2 protein chains.
Amino acid sequence: MEKEITIYDIAKGVGVSPTTVSRALNDHPAVNKKTKQRIYDTASQMGYRSNLFASNLRRQRTHTIGVIVPLLNSNFQSSVMAGMEKVANEAGYNLIISQSMGTTLKEIANAKIMFNSRVDGLLVSLAQDTEDMTHFEPFFKKGIPVLFYDRVAEHRQSTSIIIDNVQAAYNATRHLIEQGCRNIVHISGNLKINVYANRLKGYKYALIDHDLPFRESLVLTHDLTEEGGIKAAAQILRMEPLPDAVFVSNDFCAVNCMKALKEAGLSIPGDVAMVGFNNDPITRVVEPTLTTVNYPGYEMGEVAVRSLINYMDSLSDISSTNTITLRSELVVRESSLKKARG
Amino acid sequence: MEKEITIYDIAKGVGVSPTTVSRALNDHPAVNKKTKQRIYDTASQMGYRSNLFASNLRRQRTHTIGVIVPLLNSNFQSSVMAGMEKVANEAGYNLIISQSMGTTLKEIANAKIMFNSRVDGLLVSLAQDTEDMTHFEPFFKKGIPVLFYDRVAEHRQSTSIIIDNVQAAYNATRHLIEQGCRNIVHISGNLKINVYANRLKGYKYALIDHDLPFRESLVLTHDLTEEGGIKAAAQILRMEPLPDAVFVSNDFCAVNCMKALKEAGLSIPGDVAMVGFNNDPITRVVEPTLTTVNYPGYEMGEVAVRSLINYMDSLSDISSTNTITLRSELVVRESSLKKARG
DNA sequence: GTGAAAGCGCTAACAT
DNA sequence: ATGTTAGCGCTTTCAC
């Protein structure tokens, strides 16, 4: 194992002070160009690498952003991560990623790690059972910006990045109504999560605005997984009369539900129209292709990191911006078209 | 913004030296239990948080693992990440994740960042055009373990974690042959990538071992994306005679190809049997459900981190283990069953 | 069982 | 344009 080269070694080699070396390496303007070049050359020749700890220790900044996400392996969340990584990387920030596994307990532990790792900022999509946010207090107290995305909660000192879930669900439901559906089931996730609660709201408002009754019995809450979709389908098949449409809060669940309904002999959209949520690639492959709400995960990741960096650079107060809402739109495909398209 | 508490503050508060505080906080045995307790109490009461840089700077270890992945937003890669994060988190390691976007250029840049961030170990799934591995030399020189997974390359100083792609593809192809298929197309990805090259090999060997001719014209290489699948389907439809089976090196591509073939009026598996690769959840939703090779991404992530940590802890030489091969198996579903099952 | 002192490598005042 | 000095917060000899 070789000895680690420091700026002192370079300084000695070039015949200047460590300060000058440090400045040159950070591309400080007040260093002679020739000196700089000599320093660069010597550095690379000696196999120097900067020591980020030492620098961090001195500067009290890590250039690291922490991310706490419920579960990495979903299409939506990994798209968000991809967008985050891209922007962070371009801006010279590292991303430390951890999973809460959807539990508050692990979220608390991860928040602590992030805090001790002294991340410059934190991005969080909340665990489903998180109600109390005291584990983020240390960040607020220290003025470290915390930004919530997708699964968010109100907090006076932080910004949330979301889509308008109420409006999106409203549009999805209205679309079904416009297709002539009158008896629309909604499959929802854990209603503690803002996202699902708001989609339920949108569904409800759309019904009411179109003079259709809102019936609790038509709202099925499930884990929005493969099994959830299958169970929901079984419930639907027992309904009298059968609904003429189903709006599901998640594509993967929708697709499995649709499959189960088809297997029971129903035709989609003939008997039952279907709409999902997320615009997961899976929606374009199933038969019929699934109408869904496009949820721009990649952009959300980009916007989240960009906003965070803006706050950190300008030292502006993160609490001034309450919410950033991204555009989302209904993508109409075969599964919901009862009428010919026009 | 509050003042940061250090061990000196605690030392003053308790009336001992900073040394003792440091020892107590690290649970050093040679500290009086009562002193320890007093230190713990004071620390938490003062709102102390340890400064990882300072500690890292001193110890020359970061407890951080770097990950360089081609693209985060694929089902396979995000499963791997999820497995990695789980094990790393449990072992008290942070994960710094970066994407190469599949290009060597970004891979080089990311490797540099990881090196300067002084990760204790590095996990890499290579970019497709990476041939020369000199950008990892600094790690080897410094004795920092580098572990490749999935998209790997031979290197005397590092371990690779893979599945037996040749065998898996062999089994998939043999299965098709056993179903009576004689004219089997293989859709492959970039053959520079070990994974695809080996699957092609397995396909070829299976044909040869069953006295079937290997024909270059039946091997189609594409981006294994939605478009790739559709283009491949178009090529297949122009073949004379039509093949009786297609083995695709990736599920998402397979599923899109299958859809295009069905839309052209072919029946699956009646006219053409299909097998994919990865066991993406999508395979269970499409019609017919897709026979595929189960690729245990989550486990691969777990094993990768666990192995890396073992090397780091025991300081054993990573070059002693050449390859870790995980189990993978064929999952037979509807898309390949020409004969009744038995 | 505890402490004094030195130093990990860097950078930001403050000089010059 | 460059150098001097001090210190970021921690851990680790070495001493008692």
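What follows draws every value from the coordinates through simple rules; no lab data is involved. Just so we're clear, the structure is a prediction, and the values are computed from it rather than from any experiment. Backbone-built Cβ (ideal geometry, glycine too); neighbour counts: all protein chains shown.
Can you tell me which of (1) under 27 Å from A:HIS135 (Cα atoms); (2) of a type in the set (Phe, Trp, Tyr); (3) touching an Asp or Glu at 6+ places or on another chain (Cβ under 9 Å) is the one B:PHE76 doesn't meet? B:PHE76 satisfies all of (1) under 27 Å from A:HIS135 (Cα atoms); (2) of a type in the set (Phe, Trp, Tyr); (3) touching an Asp or Glu at 6+ places or on another chain (Cβ under 9 Å) except (1).
Yes/no matrix, rows are residues, columns are (1) basic (Lys, Arg); (2) part of a helix (DSSP H, G or I):
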site: B:ALA234; (1), (2): no, yes
site: B:PRO241; (1), (2): no, no
site: B:ASN256; (1), (2): no, yes
site: B:ALA260; (1), (2): no, yes
site: B:GLY265; (1), (2): no, no
site: B:THR289; (1), (2): no, no
site: B:ASN310; (1), (2): no, yes
site: B:ILE324; (1), (2): no, no
site: B:LYS339; (1), (2): yes, no
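Return yes when A:THR6 is surrounded by fewer than 19 Cβ atoms within 10 Å (Cβ to Cβ), more than 11 Å from DNA strand D (Cβ to nearest atom) and of a type in the set (Val, Ile, Thr) and no when it is not. It is true that A:THR6 is surrounded by fewer than 19 Cβ atoms within 10 Å (Cβ to Cβ), more than 11 Å from DNA strand D (Cβ to nearest atom) and of a type in the set (Val, Ile, Thr).
The set of residues from the range B:261-302 being farther than 21 Å from A:PHE252 by Cβ, out of contact with any helix residue (DSSP H, G or I) (no Cβ under 8 Å at 6 or more places or on another chain) and surrounded by 18 or more Cβ atoms within 10 Å (Cβ to Cβ) comprises just one member, B:LYS262. Filtering the range B:25-46 to residues that are assigned to a helix (DSSP H, G or I), within 8 Å of DNA strand C (Cβ to nearest atom), of a type outside the set (S, T, N, Q) and surrounded by 10 or more Cβ atoms within 10 Å (Cβ to Cβ) leaves only B:LYS36. Can you name the residue in the range B:25-35 that is within 21 Å of A:ASN116 (Cβ to Cβ) and within 9 Å of DNA strand D (Cβ to nearest atom) and, of all such residues, is nearest to the other protein chains (Cβ to nearest Cβ)? My answer is B:LEU25.
Residue by residue, here is whether (1) in contact with a helix residue (DSSP H, G or I) (Cβ under 8 Å, 6 or more places away or on another chain); (2) within 11 Å of DNA strand D (Cβ to nearest atom); (3) over 27 Å from B:ILE144 (Cα atoms); (4) touching a residue at least 40 places away in the same chain (Cβ under 8 Å) holds:
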| site | (1), (2), (3), (4) |
| --- | --- |
| B:ALA11 | yes, yes, yes, no |
| B:SER22 | yes, yes, yes, no |
| B:GLN37 | no, no, yes, no |
| B:ARG49 | yes, yes, yes, yes |
| B:ASN56 | yes, yes, no, yes |
| B:THR62 | yes, no, no, yes |
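Please enumerate the residues belonging to the range B:293-311 that are away from chain A (no Cβ under 14 Å) and in contact (Cβ under 8 Å) with a residue 24 or more places away in the chain. B:VAL293, B:ASN294, B:VAL303, B:ALA304, B:ARG306, B:SER307, B:LEU308, B:ILE309, B:TYR311, listed by residue number.
Comparison of A:ASP280, A:ASP271 shows that the only residue that is within 30 Å of B:VAL285 (Cα to Cα), in contact (Cβ under 8 Å) with a residue 24 or more places away in the chain and more than 22 Å from the chain's Cα centre (by Cα) is A:ASP271.
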